[in-house]
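Heads up, the thing below is written out as structure tokens.
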Amino acid sequence: MKKHKITQTIFLSLALAGCNQPQPVAVEPSVSPSLLPTPISIPVPQASPTPQIQTYRHKNNLFEISFPRGYSFKTTSSGVAFVSADQQFAGAVDYGSAEGKQLNNQQLEASLKAEFTNRLKEVSWQAAKVQPDGSLRIDWTGKDKSDKALDAVSLVEQRGNNIYVLNLFGIDKPYQNYNSDAETIVNSYQIQPQSSPSPAASPASPSPQSSPSADNR
């Protein structure tokens, strides 16, 4: 296998830092990196912690997501980043244009892995599994440039002309220590959510297959 050229990778804004040892994967079609934003650092820059479970909705209604009590979150150029009160469980929702191309799960997985490999000091891939809602879950562990250990789950999917990634990771802590928080976050995550019902209408019951699994690590 040959290393990606920069123009052949999907540059998803991943809330991660750089890498030393690439593990390249070739994949086409690809998405130009110029349309996708620069990654942010971790942990998330300080913001006012949420006093209770609070929902963030993208200004153009591209997605919404909720955070448990005590979490801080901050809008980024490509979505939203968040971190727990103890700064040891963090993540981000990021999205970018697919430039009119339609990528299958294999292509999304290959591109995401190539990009993580380029941004992390080291990475080890675990399970990859299609979720009931059609998104692809990838479990992995790694280290960032500052040697912080990451125990992580990434959920990637394409909706229309946008590619979305939800990253969740323990920072120097096992992911499973935060399973309850992860379930709250993942179960609340909606891409292109429907408008809220009018006061006179009864809210629809959530589908049992509407959200990908956050646990089972």
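The values are calculated or read from the model by the stated rules, or taken from the named source; none is laboratory data. Because the structure is a prediction, the values reported are computed rather than measured. A quick note on method: Cβ atoms are made from the backbone with ideal geometry, for glycine too, and the neighbour counts reach across all protein chains shown.
Computed quantities for the displayed model
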item: Residue count, segment 72-108 (criterion: free of Cβ contacts under 8 Å to residues at least 24 places away in the same chain, in contact with a Phe, Trp or Tyr (Cβ under 9 Å, 6 or more places away or on another chain) and assigned to a loop (DSSP other than H, G, I, E, B)); result: 0
item: Matching strands (runs of 3 or more DSSP E) fully within segment 120-183 where at least 3 residues are in contact (Cβ under 8 Å) with a residue 12 or more places away in the chain and in contact with a His (Cβ under 9 Å, 6 or more places away or on another chain); result: none
item: Scope segment 101-153; condition of a type in the set (Phe, Trp, Tyr) and modelled with pLDDT of 90 or more; matching residues; result: 125, 140
item: Residue check for residue 65: of a type in the set (A, V, I, L, M, F, W, C) and modelled with pLDDT under 85; result: no
